[in-house]
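The values are calculated or read from the model by the stated rules, or taken from the named source; none is laboratory data. Quantities reported herein were computed from a predicted structural model and do not represent experimental measurements. Note: ideal-geometry Cβ built from the backbone for every residue, glycine included; neighbour counts use all protein chains shown. Keep in mind that these areas ignore ligands, DNA and RNA; they rest on the heavy atoms of the full protein, side chains included. Shrake-Rupley method; radii C 1.70, N 1.55, O 1.52, S 1.80 Å.
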Amino acid sequence: SGFLDWCEKVGLELSPKVYVSKEGTVSDYGLLAREDLQIGEVLFTVPRAALLSQHTTSIWSVLEKDQASLESQSGWVPLLLSLLHEYTASNSHWRPYFSLWPDFSSLDHPMFWPEEERVRLLQGTGILEAVDKDLANIQLEYTSIILPFMESHLDLFDPKLHTPELYQRLVAFVMAYSFQEPLDEEDEDEKEPNPPMMVPMADILNHVANHNANLEYSLECLKMVTTQPIGKGQEIFNTYGQMANWQLVHMYGFAEPYPCNTDDTADIQMVTVRRAALQGASTEAERQLVAEQWDFLCQLEMVGEEGAFVIGWEEVLTEEELSMTLKVLCMAAEEFKEFKEHEGWEDDTEDEESFTLSNETIPRLKASWKKLLHDSALLTLESYSSDLKAEQDLLNDKVAYGKLSPREQQALQVRYGQKRILHQLLELTS
């Protein structure tokens, strides 16, 4: 109620047709329809003065003055410093907003799980590697940028209060609740992305792939608008973007239950395809050819040691890179020599379909391409610590599933969705 009173004071207008609640939502707070809603109805309007960003914080002038020293890989440091200050300042304009997240204890990103639990539940999903990078970046940013900045502004910050632990909680808070205003189409190529910002009320909405509302930006304000008819009593969902379940768990701490997430994907690491190609090479000359082909693909910037091919339910999302990789790694020595001399260009216009990798076209690929893709999917499935059948049985057993902890349930949804996609690929390439 304190938050809703504050909303009124700052000019944040909430439609009488909706209400904020913890009951009847998929998770924590959410927004529900008090009555039937049509497409295009404005659910609430947030004036820009109510946004919390590096430009609206009470310390904006200090951040602006020192902006050169606050540059980082993430681009989040100015917002995080704003949050460190506003969250602990007794007179902060946003105090009622922060009261929705006491101690940020509801945040349960994998970065807060014990390492043993992370490895046990998430091996093979891609989340372990993402979390390791996050934790290394958080430590680096705190020690090399945040701490020196605080020590030179002890009138505003106290390193004993603004600790690395609080900083990590705020990183997770920004991951899960911040918004990035999209650039205009004409600026997309020239400009850096806009920095993240906190949008009170908008961040209360939960996410599903099949969402029914969307945030719209204008000069004066931000509006949440319905994109589908919504019945009385139904929850209103925003979209956080086209997110696979592993990304949802990594960045937001939840997954959509199977089969709801139509945006789910499975990754095949680029180096796994190289491994599959080497596995199929029977002589030293063939192994040498694969190494040369891989180097050539690296020069074309089609592959890299840390990249992944992304497989969706209906199609491959990285089809250009995967098509070129399959094509080059399946070439005989003479064909590859000729292809390399033309620097990857060919005179004849190839059938466009060779670059379209979908459920429809994959079964029609050359046998050698299909075998390489099949072997790569098999190798990827080996990286998980459990098999599809065991997880399917667990998902189908409602009593056993109900006994799992929330972390175990989320991890199971991630693993199961990825394995289903990979098994589908095995069928398409068999």
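Summary of values
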quantity: Residue list for segment 91-123, filter: more than 27 Å from V199 (Cα to Cα), crowded, with 19+ Cβ neighbours inside 10 Å and not hydrophobic (A, V, I, L, M, F, W, C); calculated: R118
quantity: Cross-chain or 6+ apart pairs with Cβ under 6 Å, segment 410-421 first and closer than 13 Å to P259 by Cβ and touching a residue at least 60 places away in the same chain (Cβ under 8 Å), then part of a helix (DSSP H, G or I) and open to solvent by less than 10 Å² (accessible area, probe 1.4 Å); calculated: Q413/N245; Y416/E391; G417/N245
quantity: Candidates Q73, Q67, filtered to the one that is of a type in the set (S, T, N, Q), open to solvent by 30 Å² or more (accessible area, probe 1.4 Å) and touching a residue at least 40 places away in the same chain (Cβ under 8 Å); calculated: Q73
quantity: Of all residues making up segment 211-250, the number that are aliphatic (A, V, I, L, M), buried (at least 20 other Cβ atoms within 10 Å of the Cβ) and out of contact with any strand residue (DSSP E or B) (no Cβ under 9 Å at 6 or more places or on another chain); calculated: 1
quantity: When residues of segment 1-42 are limited to those that are loosely packed, with under 12 Cβ neighbours inside 10 Å and basic (K, R), the one farthest from S105 (Cα to Cα); calculated: K9
quantity: Any hit, segment 367-386, residues being in a strand (DSSP E or B), aliphatic (A, V, I, L, M) and open to solvent by less than 80 Å² (accessible area, probe 1.4 Å); calculated: no
quantity: Matching residues in segment 164-193 - criterion: being part of a loop (DSSP other than H, G, I, E, B), open to solvent by 50 Å² or more (accessible area, probe 1.4 Å) and of a type outside the set (D, E); calculated: Q180, P182, K191, P193
quantity: Given (1) under 16 Å from the mean Cα position of the chain (by Cα); (2) of a type outside the set (K, R); (3) crowded, with 19+ Cβ neighbours inside 10 Å, number of the condition D132 does not satisfy; calculated: (3)
quantity: L428, sole failed condition from (1) of a type outside the set (S, T, Y); (2) open to solvent by 40 Å² or more (accessible area, probe 1.4 Å); (3) touching a residue at least 12 places away in the same chain (Cβ under 8 Å); calculated: (2)
quantity: Selected residue (criterion: surrounded by the most Cβ atoms within 10 Å (Cβ to Cβ)) from residues of segment 258-289 that are of a type outside the set (A, V, I, L, M, F, W, C) and under 30 Å from K398 (Cα atoms); calculated: D264
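Results for (1) among the polar types (S, T, N, Q); (2) touching a helix residue (DSSP H, G or I) at 6+ places or on another chain (Cβ under 7 Å); (3) in contact (Cβ under 8 Å) with a residue 40 or more places away in the chain; (4) closer than 25 Å to A172 by Cβ, shown as yes or no for each residue.
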| site | (1), (2), (3), (4) |
| --- | --- |
| L51 | no, no, yes, yes |
| Q54 | yes, yes, yes, yes |
| L79 | no, yes, yes, yes |
| Y87 | no, yes, yes, yes |
| P96 | no, yes, yes, yes |
